[in-house]
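First up is the structure itself, then whatever we jot down about it.
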Amino acid sequence: MDPLDRLESASVYVIREAYHRFERMALLWSMGKDSTTLLWLCRKAFLGRVPFPVVHLDTGRKFPEMYAFRDRYAREWGLDLIVARNEAALAEGVSPDTVPASQCCHRLKTEALTQAIQQHGFQAVLLGIRRDEHGVRAKERYFSPRDARSQWHYRHQPAELWGHYASADAEGGHLRIHPLLHAREVDVWRYVRREGIPAVGLYFARDGARYRSIGCRTCCLPVASEARTVDAVIDEVAASTVAERHGRVQDKEHAYTMQKLRALGYM
């Protein structure tokens, strides 16, 4: 089997397994290449439609190109889009200018997600994270339980053997489902090329720089690049020795920051 077919088949299996198990499920969409690829896979898994809500955690600080991308494809793909915002934190003026980046992420993303899960009663949420993105995410499971406060107890994760996944969350909690966990950055870009999946223009070089990882405009730094096409991005990523999230501010505060964030419920 072609490697991309194998990747697609494994991801679709996880998506359909989750849909079979949980009546109230949602997909988190950041408009990045990974979550957009996951959204594409969900559309393929269910014959062109996404039969559950798609949630965007809106910090109010995304790039304008990301908001335009969200609105366009939510409309074209007929998505049931939920925009979740932690209005209390925004009213307090929480931003990377007023608090450390890690605390900003927790208030504007993790708390917003917890609020959305509680408000809509979601039992499970699909996310487009991958093991190769970060050492902490390499510890993850495909079906990963969170407690009632969305916290991740990474020392007490269920075993996943022979395609058997956890189906029970902690009391009052939910499951995080990770259908792209086995994919690499270059795999995702090769799949984007094969399928013709749209991507935000920030990923492609302008004036000698591009973004390799996108999120809030205040916390993402571009990398030097001349990769203006998907093919060029694939070649660049395949040859790179620099971490994909090298330009993310929250990853640079302390060595343990990402683990602390994810233990508290970050994506």
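The values are calculated or read from the model by the stated rules, or taken from the named source; none is laboratory data. Fair warning: this is a prediction, and the values are worked out from it, not measured in the lab. FYI the Cβ positions are ideal-geometry reconstructions off the backbone, even for glycines, and counts take in every protein chain you see.
Some points to look at:
- So residue 144, is it at pLDDT below 85, crowded, with 19+ Cβ neighbours inside 10 Å and within 20 Å of the chain's Cα centre (by Cα): no
- Within segment 58-90, the set of residues being hydrophobic (A, V, I, L, M, F, W, C) and touching a residue at least 60 places away in the same chain (Cβ under 8 Å) comprises 63, 66, 69.
- The single condition among (1) in contact (Cβ under 8 Å) with a residue 40 or more places away in the chain; (2) crowded, with 16+ Cβ neighbours inside 10 Å that residue 19 does not satisfy is (1).
- Failed condition for residue 145, given (1) assigned to a strand (DSSP E or B); (2) within 22 Å of residue 37 (Cα to Cα); (3) not small (Gly, Ala, Ser): (2)
- Members of segment 33-49 that are part of a loop (DSSP other than H, G, I, E, B) and buried (at least 23 other Cβ atoms within 10 Å of the Cβ): none
- Residue in segment 50-71 that is assigned to a strand (DSSP E or B), assigned by TED's automatic domain parsing to the domain that holds residue 179 and among the basic types (Lys, Arg) present: yes
- The lone exception for residue 176 - which of (1) surrounded by fewer than 20 Cβ atoms within 10 Å (Cβ to Cβ); (2) at pLDDT below 95; (3) among the basic types (Lys, Arg) it fails: (1)
Quick grid of which residues meet (1) modelled with pLDDT under 95; (2) within 21 Å of residue 120 (Cβ to Cβ):
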residue: 5; (1), (2): no, no
residue: 8; (1), (2): no, no
residue: 14; (1), (2): no, no
residue: 31; (1), (2): no, yes
residue: 57; (1), (2): no, yes
residue: 61; (1), (2): yes, no
residue: 80; (1), (2): no, yes
residue: 90; (1), (2): yes, yes
residue: 93; (1), (2): yes, no
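- Test: residue in segment 60-70 that is in contact with a strand residue (DSSP E or B) (Cβ under 7 Å, 6 or more places away or on another chain), crowded, with 21+ Cβ neighbours inside 10 Å and closer than 24 Å to residue 111 by Cα: yes
- Single residue of segment 91-119 satisfying the filter (among the aliphatic types (A, V, I, L, M) and in contact (Cβ under 8 Å) with a residue 24 or more places away in the chain) that is surrounded by the fewest Cβ atoms within 10 Å (Cβ to Cβ): 101
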